[in-house]
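Read the structure below first, then the notes.
The values are calculated or read from the model by the stated rules, or taken from the named source; none is laboratory data. Keep in mind it's a predicted model, so treat the numbers as computed, not measured. All Cβ positions, even for glycine, are placed from backbone atoms using ideal geometry, and neighbour counts span all protein chains on display. These area figures cover heavy atoms from the full protein model, side chains too; ligands, DNA and RNA do not enter into them. Shrake-Rupley method; radii C 1.70, N 1.55, O 1.52, S 1.80 Å.
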Amino acid sequence: SFKRFLSTASLVCTALFASANGFAIDYVQNALARENISLNGQWNRIIDPYENGYYNHRYQPHTTEGYFKNAKMKTPSDLIEYNFATAEKIRVPGDWNTQEEQLFLYEGTVWYQKDFALTKQADKRYIVHFGAVNYQAMVYINGVKVGSHEGGFTSFQFDITDYVKRGENSIVVKADNRRERNQIPTVNTDWWNYGGITRSVAILELPATYVEDYTVQLSGSDATAIVAKVALAGSNVKQGGSVKVSIPELNIQEVITLNKKGEGQITAKANPQLWTPEAPKLYDVTIAFNGELIRDRIGFRTIAVDGEDILLNGKSVFLRGISIHEESPLHDGRAWNEDDARTLLRWAKELGCNFVRLAHYPHNETMVKMADEMGLLVWSEIPVYWTVMFEDKAVYAKAEKQLTEMITHDKNRASIILWSMANETPSHKARLTFITKLAKKARSLDDTRLITAAMDTQGNTANGKIIDDPLVAAMDVIGVNSYCGWYGGTPESCGNILWESKYNKPVIVSEFGAGALQGLHGDKDERWTEEYQASVYEHNIAMLEKMTALRGVTPWILKDFRSPRRPLPDIQDFWNRKGLLSEQGIRKKAWYLLNAYYSKKEESSN
Ligand code: GCB
């Protein structure tokens, strides 16, 4: 890894790479672009609320008899009280909640099993890749545990070379979505706890020694130099040799000579057309080593702050955004495929956006790659949401791991400009230490992007509000969540609010909004009507226009989304109704107000 690389690098190099390094996890970059066998499709499933397949009647973990053994009767007298082969089927990827009515509100363990054939080759390595499993996953190959993973929104992998055989194999996954106080997020959120294998699964077939990780991006703020870094993993990383990196359209064909640790890098002079939302230019990049050819499409752009300005490619930019949950616009439940991503982002574009806040956890890779393609800047965040256990070191470690996984996974995406550490956390000392440390970690992993957090901890003044949370000191960009007209104050009062800030930093109003049932009309003072929501938008936009440090907005939210916190009959029915679109994508009145505001903003920026 580059962390190891650092220790031998010269002082100059250390200074140069002080923070663009340190991948703390083993992770095959751009996994689905590698040679692979997809395990998407029908799996067998056993619902196991008592974890009977994991614990025996003394509540000790099974060693020989758990469901992970995928045992089958051999003689008529055998006693085996489960059978994957004859069990119900479940689709992967996909949350379980929207596939079976009895699982709609389920929180607990479901076992997944699938047979797969493999022509195992002696000179290959096999890695099982999961896009995400919510929340905890234990993975077994042919009855043997190969690893476990915690965290519902990040990708993970295990090397299974020693556990697979030529011919038929079995994979079993124990997925458990119980909420616990010491998790990231904790028990209390405002979204549906969709369980299961929610993103793609594949077995990667790689050369014995392979390029595990690569980073291809501009050299910091220098838009005329591209840095490519690679790191090997596998059987013999010490073998040395070289990796070829090509960007044909830029006439780049470089050979990276590897050091004894299987790492190396080059800097190539280039003059790429810079990626912007208006012209999201991506370049074909190939990385060749040991018979493998990895293809990627990468954009190049710079992002920085200067006082209250956010500079994209050196030019001040206003981020016309919208918040989005990872819920499908086309089918029930979690979004995961290309059509989901294209539709959500097309809606954002139709709204007039150049920016999206992917709330409140890292979204699937299809979404982020689509943002690269379609030209939408991205805020990406980890689910340090509301009130996690900030005092607990083990909880911090979980947050840091998710942060590391997010950055490792998405660092080659030009669209992502902001890493968000948290959302609406209470202001106290342990939280300040926790999130400041996360921000430092994020910078050490990636010093080419900006750090932010969404905060609802502003102070009051005679004329309005003041941004004075000490956490801002650790941020590049301030995220402000503020619900004037919904959780406090009348809609009409919002336009008079004046914002001050103790900090000379750009502000993004990362949330405001109001609930409305699409099609419900009435007076603008009547809750849940489209008119009420529109009024909240009207007066909040008036407020925004007076915020001098404002450099972006991501109202809450593009589309209605499921939440167990929202039971009001005939209005909510378990849906958070703050969408500008109904769950079917029908526009509410407020849509047009935000759209008009963004048109005006766009014009004034041209
Ligand atoms: C917030 C949260 C968001 C909620 C929203 C609401 O401040 O950040 O996750 O869904 O408010 O609707 O209350």
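Here are some notes:
- Mean silhouette area of the stretch 34-207, derived from the convex hull of its C-alpha atoms and averaged over all directions, reads 11.1 nm².
- Alpha-carbon gyration tensor eigenvalues x 5, square-rooted, for the stretch 304-605, Å: 27, 23, 20
- Rounded to the nearest 20 debye, the dipole magnitude of the stretch 304-605 is 580 debye, with +1 charges on Lys and Arg beta carbons, -1 on Asp and Glu beta carbons, and the Cα centre as origin.
- With a 1.4 Å probe rolled over the protein heavy atoms of all chains, the accessible area of HIS62, HIS57 falls in the order HIS57, HIS62, largest first.
- Treating r as the C-beta distance of ASP523 and GLU107 and R0 as 35 Å, the FRET efficiency rounds to 0.30.
- Of PRO248, ASN182, ASN460, farthest towards positive along the dipole that unit charges on Lys, Arg, Asp, Glu beta carbons give the chain: PRO248
- Put a dot 7 Å past the Cα of LYS238, heading toward its Cβ, do the same for ASP284, and the two dots end up 3.9 nm apart.
- Apportionment of accessible area to carbon and sulfur, the chain, percent (1.4 Å): 50
- Contour minus Cα-Cα distance for ASP222 and ASP570 (0.36 nm per residue): 119.7 nm
- The distance separating the Cα centre of the stretch 55-85 from that of the stretch 572-605 comes to 52 Å.
- Where N is the number of residues in the stretch 146-282, Cα Rg divided by 2.2 N^0.38 Å: 1.44
- Kirkwood hydrodynamic radius of the stretch 157-203, from inverse mean 1/r over distinct Cα pairs, in Å: 13.9
- If R0 equals 25 Å, the separation of the Cβ atoms of ALA397 and ASP306 corresponds to a calculated FRET efficiency of about 0.10.
- Using alpha carbons only: equivalent-ellipsoid semi-axes of the chain, gyration tensor based, whole Å: 39, 33, 21
- Here the stretch 345-397 has an Rg and Dmax of 14.6, 44 Å, counting Cα atoms alone.
- Among beta bridges identified by DSSP and lying wholly in the chain, the antiparallel ones come to about 70 percent.
- Convex hull of alpha carbon positions in the stretch 265-369: directionally averaged projected area 9.6 nm².
- Between TYR55 and LYS349, the contour length at 0.36 nm per residue exceeds the Cα-Cα span by 100.8 nm.
- Which listed pairs, of LYS114/LYS398; LYS229/LYS411; LYS229/LYS440, have C-alpha distances above 18 Å, in listed order: LYS114/LYS398; LYS229/LYS440
- Per residue accessible area in Å² of the chain, where ligands, DNA and RNA are left out and the probe is 1.4 Å: 39
- Cα-only radius of gyration and Dmax that characterise the stretch 413-537, units Å: 17.0, 52
- For the stretch 370-481, the alpha carbon positions stretch 45, 37, 20 Å along the principal axes, listed from largest to smallest.
- Mean-position separation - Cα centroids, the stretch 364-399 and the stretch 307-357, in angstrom: 15
- Pairs exceeding 28 Å between alpha-carbon atoms, taken from LYS281/LYS441; LYS401/LYS546; LYS524/LYS600: LYS281/LYS441; LYS401/LYS546.
- Computing FRET efficiency as 1/(1 + (r/R0)^6) for TYR487 and GLU338, where r is the C-beta to C-beta distance and R0 is 30 Å, gives about 0.25.
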